[in-house]
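Take a look at the structure set out below.
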Amino acid sequence: MILYHSNKLHQQPRVLFCTTRKRQQENEKCFSSSRHIARDKEQLSRMGISHVVNAAAGRFHLETGPKFYKDLPVDYYGIEAEDSPNFDLSIYFYPVARYIRAALNSPRGKVLVHCAMGISRSATLVLAFLMICEDMSLADAIQAVRSHRGICPNSGFLEQLRELDLRLGREKRARARTY
């Protein structure tokens with residue numbers, strides 16, 4: 001996996017990208033950012049973004065829906081997620097992971113996962129993707145992302161990720177016992 005962020009903060013906020021272990025020869029496939037990149041259509045075009053996951057859709061702060069991207073060849077997935085420890089973001093972990101995986105498997109597929117600040121909701125969804133699709137533990141996913149981008153999922157999201165980590169660990173051990 002490769003992670004990256006831009007140091008040109010005066011030009012754009014930090015951006016994380018990762019390629020899957022299975023696709024190490026490819027670059028810059030999955031990006032995570034704040035609203036600034038998500039609202040910069042010119043930058044999205046330059047980056048070749050084909051899919052957008054908005055974790056702050058609708059009434060929860062940021063409207064960059066399908067109408068916003070109508071003049072770009074972008075497939076949109078919006079989640080009305082509140083950045084609150086009481087919000088259950090875990091119900092989106094598997095659907096978003098499947099969406100990202102399908103996008104990355106499509107020709108020229110590049111995904112932007114964003115929220116308002118790019119540090120809690122979108123980071124949580126990227127961490128869940130790495131855990132589900134890349135078979136990473138929560139600790140490994142956090143370490144990988146934090147080594148390249150500052151993230152700060154809220155306490156409720158961290159608890160949901162911890163529960164996902166425990167469940168994935170149990171499933172992995174159960175599969176190992178069947179062999």
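Here, each number is a calculation from the coordinates, and none is a lab measurement. Just so it is clear, the structure is predicted and the values come from calculations on it, not from any experiment. Virtual Cβ from ideal backbone geometry, glycine too; neighbours counted across all protein chains shown.
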Computed for region 14-177: size of charge dipole around the Cα centre, +1 on C-beta of each Lys and Arg, -1 on C-beta of each Asp and Glu, debye to nearest 20, value 520
Fewest-first ordering of Ser90, Ser45 by Cβ atoms within 10 Å yields Ser45, Ser90
per DSSP, antiparallel bridges as share of beta bridges in region 14-177, % nearest 5, sits at 20
Counted neighbours (other Cβ, 10 Å), sorted fewest up, put Lys67, Lys41, Lys29 in the order Lys67, Lys41, Lys29
Ranking Ala174, Ile100, Ala38 by how far each Cα lies towards the positive end of the charge dipole of region 14-177 (+1 on Lys and Arg Cβ, -1 on Asp and Glu Cβ), the top one is Ala174
Once the in-chain neighbours fewer than 8 apart are removed, the lysines whose Cα is under 20 Å from Lys29 read Lys8, Lys41, Lys110
Put in order of increasing Cβ neighbours within 10 Å, starting from the fewest, Ser33, Ser120, Ser137, Ser50 give Ser137, Ser50, Ser120, Ser33
Taking Rh as the Kirkwood radius computed over alpha-carbon pairs of region 21-179 and applying Stokes-Einstein at 37 °C with viscosity 0.692 mPa s, one gets a diffusion coefficient in µm² s⁻¹ of 205
Sorted largest first, the C-alpha extents of region 109-178 along its principal axes in whole angstrom are 43, 31, 19
